[in-house]
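Okay, structure first, notes after.
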Amino acid sequence: MKKLLVIAALSGIFMTSCKEQKQEVKTDTFKYSISMDVANLRGPVILLDRTTNEPIKTIYSRTPEFKIEGELPLNKMHASYVLHFPSKYSNPYMYPVAEACAIDFYMDKITTIKAHYDSLLFSNVENEHMNKVEQFKQANFPAVVEFNKFNKQSLKESSGERRSHEEQIAYANKGNALLDAVRKELIDKTGQFANSEEMAVVLASWGGQVGVEKLDSLGALFQPAVKETAAYERLVTVLDYMKKQTAPKSLSVGEKAPAFTLKDAAGNEHSLSDFKGKYLVIDFWASWCGPCKKEMPFMKELHKKYHSKGLEMLAISTDQDPNAWKMAMKKLNMPYLQLHDKNGEVAPSYFVRGIPYVLLIGPNGNILAIERGEVLEETIKENLKL
């Protein structure tokens with residue numbers, strides 16, 4: 001009788017175990033918990049799926065410490081998400097560095113985030129998956145790690161107005177050298193780690209550095225198991241976005257510069273045709289763009305050196321907020337014409353996909369160069385015959 005009871009008990013354990021195992025296999029969702037500690041929090045926090053840009057949940061909290069909890073499809077484990085904080089900027093990816101309104105992270109079951117509302121860019125985000133990715137980068141991608149340090153330090157520094165022209169050039173050269181090293185690492189090591197989900201995360205984050213065609217070929221190297229992950233889905237999304245961005249024709253040297261009419265801070269209209277017969281530098285920038293402001297001392301020096309020799313210059317702000325534009329313009333004390341692309345129509349006509357974006361226009365209205373820095377200055381000198 002005891003033997004039968006033991007068998008029955010064991011059978012019960014086995015059946016329960018099988019039942020639990022079967023139930024686990026059927027589970028196609030997972031529960032997530034994001035513990036937030038945000039000093040100086042103001043307004044709601046919106047959780048967005050970064051791949052689809054769909055809002056998942058909105059949280060209103062009166063205290064800095066709160067949780068965001070819910071349930072997501074299992075295939076969204078390790079997917080890329082965004083916490084969008086209240087801001088006057090509608091796009092969570094286009095904001096002034098000093099007023100960042102978004103925190104990017106990869107979802108896991110348990111995530112902890114410690115941040116300050118006024119410096120969200122430097123938030124501390126941790127979960128098991130993100131820790132693994134960071135360890136992977138530290139072990140295998142020294143150039144990526146070094147550039148991240150360089151970039152964070154740059155963003156913490158002042159806007160760069162106090163840098164000399166020589167310091168500006170040295171700073172830009174260092175950044176470009178680091179990006180070249182990052183590009184080489186990605187190309188050399190993707191195949192080596194083709195069975196790694198962490199590699200897919202790194203490549204998705206830095207894919208813009210290798211270009212569309214190379215990113216497409218690198219993505220094809222991944223093993224089938226990796227291609228089933230959310231990290232690879234993010235990589236595909238990045239690649240699709242890059243293809244759409246590069247699909248339209250871009251402006252080329254020798255083409256006619258698109259006509260436009262824009263207003264200055266006083267409301268006066270100025271047109272490209274006003275500069276007919278003159279050499280003209282056009283600089284697309286924005287008050288929130290750190291690299292743009294770092295380049296301003298160089299641009300002011302160009303104006304000082306070559307305006308009396310026949311060079312005209314104008315800057316076109318892509319700021320959504322006219323007040324931010326006017327404040328930055330006053331602070332930077334730029335001595336040449338400042339215009340505002342208020343409706344965002346001129347920048348797209350010039351196929352501006354990133355700023356700063358600088359062109360040199362000739363007296364006949366044709367584009368002579370799409371360049372920056374010392375290369376631009378050399379082209380100016382050649383055309384002015386200096």
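The values are calculated or read from the model by the stated rules, or taken from the named source; none is laboratory data. Keep in mind that what you see is a predicted model, and the values were worked out from it rather than measured. All Cβ positions, even for glycine, are placed from backbone atoms using ideal geometry, and neighbour counts span all protein chains on display. For accessibility, only protein heavy atoms count, side chains too; no ligands or nucleic acids. Shrake-Rupley method; radii C 1.70, N 1.55, O 1.52, S 1.80 Å.
Here are some notes:
- All-pairs alpha carbon distance profile, segment 320-386, 10 Å steps from 0, percent: 16, 40, 35, 9
- Label-reachable residues, segment 46-76, where backbone N falls under 12 Å from a point 7 Å from T29's Cα toward its Cβ: 70-74
- The smallest convex shape that holds all Cα atoms of segment 258-386, its convex hull, gives 100 Å³ per residue.
- In nm, spacing of pseudo-spin labels at N176 and K263 (7 Å Cα→C-beta vector): 3.8
- Average accessible area per residue (Å²) across segment 292-343 - probe 1.4 Å, nucleic acids and ligands excluded: 47
- By accessible area, using a 1.4 Å probe on protein heavy atoms only, segment 273-386 has 50% of its surface on carbon and sulfur.
- Computed from phi, the 3J(HN,Hα) profile of segment 64-72 under the Karplus parametrisation 6.51, -1.76, 1.60 (θ = phi - 60°) reads x, 9, 7, 10, 10, 10, x, 9, 10 Hz, with x in place of Gly and Pro.
- Residue-wise HN-Hα couplings along segment 293-307, as the Karplus relation 6.51 cos²θ - 1.76 cosθ + 1.60 with θ = phi - 60° gives them from phi, are 5, 5, 8, 4, x, 5, 5, 5, 5, 4, 4, 4, 7, 10, 4 Hz; Gly and Pro carry x.
- A convex hull fitted to the Cα coordinates of segment 260-313 yields 96 cubic angstrom per residue.
- Amide N proximity, segment 204-224 versus K243 label position 7 Å along Cα-to-Cβ, cut-off under 13 Å: 212-217, 219-220
- Residues of segment 99-135 falling in the label zone of L72, defined by backbone nitrogen less than 18 Å from a point 7 Å along Cα to beta-carbon, are 102-114, 124-134.
- Whole-Hz couplings from phi, Karplus 6.51/-1.76/1.60, listed for segment 215-232; x for Gly and Pro: 5, 4, 6, 5, x, 5, 6, 5, 6, x, 5, 5, 5, 8, 8, 5, 4, 6
- Built from the Cα atoms of segment 221-287, the convex hull projects on average onto 8.5 nm², one quarter of its surface area.
- Spatial extent of segment 174-316: Rg and Dmax, with the Cα atoms as the point set, Å: 21.4, 63
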